[in-house]
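Taking it in order: structure first as structure tokens, then the write-up.
The values are calculated or read from the model by the stated rules, or taken from the named source; none is laboratory data. A quick note: this is a predicted structure, and the numbers were derived from the prediction, not measured. When we count neighbours, we look across all protein chains shown, and the Cβ atoms used for this are built from the backbone with ideal geometry, even at glycine. To get the accessible areas, we keep the full protein, side chains included, count just its heavy atoms, and leave off ligands, DNA and RNA. Shrake-Rupley method; radii C 1.70, N 1.55, O 1.52, S 1.80 Å.
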Amino acid sequence: MLPAAAIEDIRGKGFISCRSPPILNRKLLLLQLLMSAETPSSKNVHLWQANYESAKTLETIIRVLCGFFAVISIATTAGIIGTLIFETIEFFQEVPLWQFLTDTRWTPLFASKQFGIFVLMSATLLTSTIAILVAVPLGLLSAIFLSEYASTTMRKTLKPLLEVLAGIPSVVFGYFALLTVTPFLQEIFDFVRTPIPIPAWLDFLPFTQYYEPDFFLELPFPYLEGFNALSAGLVLGISITPLVASLSEDAIYSVPQGLRDGAYALGATKRETILAVVIPAALSGIVASIILAISRAVGETMIVTLAAGQNPNLGFNPFVPVMTMTAYIVQVSLGDTAVGTLPYKTIFAVGMTLFLMTLTLNIFSFWFVRRFRERYE
Amino acid sequence: MTFESITDAQAESNLVAAEAKFQPNLAGRYRLDAIFKAATIAATTIAIAVLAWLMFDVLISGVGSLDRSFLTSFPSRRPEQAGILSALAGTGWVMFLVAVFSFPIGVGSGLFLEEFSGDNWFARFIEINISNLAGVPSIIYGLLGLTAFVIILGDWTGGRSILTGALTLTLLILPIIIVATREALRAVPDSIRQAGYALGANSWQVIWSHTLPTAFPGILTGVILALSRAIGETAPLITIGALTFIPFLPEGPLDPFTVLPIQIYNWVSRPQKDFHDLAASGIIVLLVVLLVMNSFAIFLRSRFQKAR
């Protein structure tokens, strides 16, 4: 015989499932009959009435609510694509596509408007390429060190440090690029360019200049401007290094030990094992991390806006100011551009180009992982 | 010539010939090994050294102007009077609203994908969608916020307001929270769920009384890390038109605002050295806030791991 208090407890918590099998219900019915036999008070009878119903209703409400929340992410994608397409179509009604693709200048805010997207794209490509040239060797070698050479304690200290680096806001990296790295690089450039006095009999050397009364060796080294793609790209590379390192490390670390042992048994050294066996086995993860890093570099905003400048220059000179696609969107947003005007629509056309570039990279990364993933038991 | 007829002398000469062809050159290979190992160490050191350089540089430039009046003053054209009060208030407001919005929505979506829906096309579609959203550059979310919350819903959100900023950042960090929630839920052993069902609970009762409490530290860690991403975001807020000069405190969610990263951006982009130092002070404040949030997340994670 269950005490009344215990049954009260069960009832109070509504802990009777709507899914409870019929046999349980019958048992409960029996209990109820016994109870009512013992306690003649008819008040207790209602304690047994359907609390599953309220529990079931609550579950349905929660289920629908969670489903609604999950749909918000679809609505976000739809919103992004819808927004970009709508404004981009409006843009192309005023500016023909061929002009967008073939103009060699980007001057939507001037009186003589030109809309050469490749001007902005070349800057984005330039900074991203420099960034990748920094991030891939640094990130990949760090990943190899952490996974293959570092002791467990070292790995446990260094990985969180890299995560700290990954968590630094990009505006901080922008500060670092503009106010620390650029002056530092300028000093190096100036030092290399400084004319070196040489004795007169060395005047057959190239790059020799004659300033009264001595000969000087003057290297034709470029002048680094205050805003430039070089330091923006370098710092951008540092900022995405943790992404490459962390994701590649996961891929390298999960290569089974048996593969390494097999290579050692064939007489390979540690480096040969890593380069010939471990890296190829982890290749899909490594390439995916690099593609994600490229996508991040292309979409990065604050570093390039602060350090690379606001001058739309076509070309790939890393020593002069350039304007990336993201920097242009920031420039227009900071000015007071009226909604519906042509300059306002340009940021959506540029945003659409950016979105398509990153989407292509992301899809390629998914495809690559799916196609080349090695599965080990 | 049959196999048996090979004489010892022939076998010997074969071996010598093979050895002459195959030179293990162990010394050279080990030298390359050492160079390779040195390169990996150098790469790691460079990454850490740049981090140290950045911190050192920010500290040197920023610590001088970091005092009580910096924290309690409004921005000003005179560097010696400028402070971050309105930026701090704006960041506080925005982060509070982002937490309020993103926590239920993110955890709810994670629950839906992991606990409620089976492996059907709808769940798979949402899943692909979320991993795509995670790769969209943050400035694109700014364009979405500009159209959706500033222009279309401007009457309700107050245009370029705290609410608009919070909604935009919520959409930005939702994928991170959803992924973290799902991982935390996946780490809950199935036996715990089955024990709940065996007691006669329905699926929501099992989630509420068993699964969620077990997964909660993991979920909270993910939410805090996502919020610390949101706190440093600058580009989307510039795009939706957060102002750079706010000499007053916002009084409600519909007021215009600025946040700490935008204030830092504004100071960095000015030519005067004094403002650069102010930017460094602002960065110190921002990094301290981030450090506190991250340490809390790491603390939660370690406690969670010890408990299991």
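Quick notes
- Using the Cβ of residue A:345 as centre and a radius below 13 Å, the other residues enclosed give a net charge of -2, where K and R count +1 and D and E count -1.
- Computed over all pairs of different Cα atoms, the Kirkwood value for the hydrodynamic radius of the range B:179-225 is 10.8 Å.
- Placing dummy labels 7 Å off each Cα toward the beta-carbon, the span from residue A:205 to residue A:261 is 6.0 nm.
- Ratio of the Cα radius of gyration of the range B:68-307 to 2.2 N^0.38 Å, where N counts its residues: 1.16
- Peptide A:55-65 - average C-beta neighbours from other chains (10 Å radius): 4
- In the range B:68-307, the portion of solvent-accessible area held by carbon and sulfur atoms comes to 65 percent [1.4 Å probe, whole percent, DNA, RNA and ligands not counted].
- Cα-Cα pairs of the range A:185-319 separated by more than 25 Å (percent): 57
- Normalised per residue, the accessible area of the range A:241-377 is 42 Å², obtained with a 1.4 Å probe and no contribution from ligands, DNA or RNA.
- Taking Cα atoms only, the orientation of helix A:283-299 departs from the longest principal axis of chain A by about 70 degrees.
- Nearest-ten-degree value, helix A:22-38 long axis tilted from longest Cα axis of chain A: 50
- When the range A:126-168 is reduced to its Cα atoms, the Kirkwood hydrodynamic radius in Å: 11.4
- Normalised Debye scattering of the range A:284-377 at q = 0.12, 0.13 Å⁻¹ gives log10 I(q)/I(0) of -0.51, -0.58, counting only Cα atoms as equal scatterers and leaving out solvent.
- With the largest listed first and rounded to whole Å, the semi-axes of the equivalent ellipsoid of the protein assembly as shown from the Cα gyration tensor are 52, 41, 24.
- Applying the Kirkwood pairwise sum to the alpha-carbon positions of the range B:29-167 produces a hydrodynamic radius of 20.5 angstrom.
- For the range A:210-258 and the range B:62-111, distance of Cα centres in Å: 33
- Sum of -39500 (n - 2.57) over DSSP H runs of 4+, divided by residues of chain A (222 nm, nearest 500): -21000 deg cm²/dmol
- Dimensions (Å) - the range B:228-308, Cα atoms, principal axes, largest first: 52, 34, 21
- Estimated buried accessible area (total), pair B and A, 1.4 Å, Å² to nearest 100: 7000
- Spin-label pair residue A:225/residue A:186, simplified geometry with 7 Å Cα→Cβ offset, distance in nm: 1.3
- For residue B:254 and residue A:86, a Förster radius of 35 Å and the Cβ-Cβ distance give a FRET efficiency of 0.85, rounded to the nearest 0.05.
- Across all Cα pairs in the range A:202-241, the calculated P(r) in 5 Å bins from zero up to the longest distance comes to 6, 18, 15, 12, 9, 10, 11, 9, 6, 3, 0 percent per bin.
- Averaged over peptide B:25-36, the number of partner chain Cβ atoms lying within 10 Å of each residue's Cβ comes to 3.
- At an R0 of 30 angstrom, the distance between the Cβ atoms of residue A:112 and residue A:193 translates into a FRET efficiency of 0.25.
- Per-bin percent of Cα-Cα distances, the range B:3-62 [5 Å]: 4, 14, 10, 9, 8, 8, 7, 7, 6, 6, 5, 4, 4, 3, 3, 2, 1, 0
- In chain B, the calculated helix contribution to ellipticity at 222 nm averages -23000 deg cm²/dmol per residue, counting -39,500 (n - 2.57) for every DSSP H run with n ≥ 4.
- Convex hull of the range B:114-180 built on C-alpha atoms - directionally averaged projected area, nm²: 5.4
- Within 10 Å of each Cβ in B:45-52, the average number of Cβ atoms from other chains: 6
- Lysine pair count for chain A with Cα-Cα distance under 29 Å and sequence separation of 8 or more or different chains is 9.
- Using a probe radius of 1.4 angstrom, the carbon and sulfur fraction of the accessible surface of chain A is 67%.
- Cα long-axis angle, helix B:26-62 against chain B (0 to 90 degrees, to the nearest 10): 10
- Interface residues in the range A:130-161 - accessible area drops by 50 Å² or more relative to the isolated chain, probe 1.4 Å: A:138, A:141, A:145, A:149
- Calculated FRET efficiency for the pair residue A:149/residue B:25, C-beta based, R₀ 22 Å, to 0.05: 0.45
- The Cα atoms of chain A cover 124, 68, 36 Å along the three principal axes, with the biggest extent listed first.
- Share of pairwise Cα-Cα distances greater than 18 Å in the range A:116-196 is 66 percent (whole percent).
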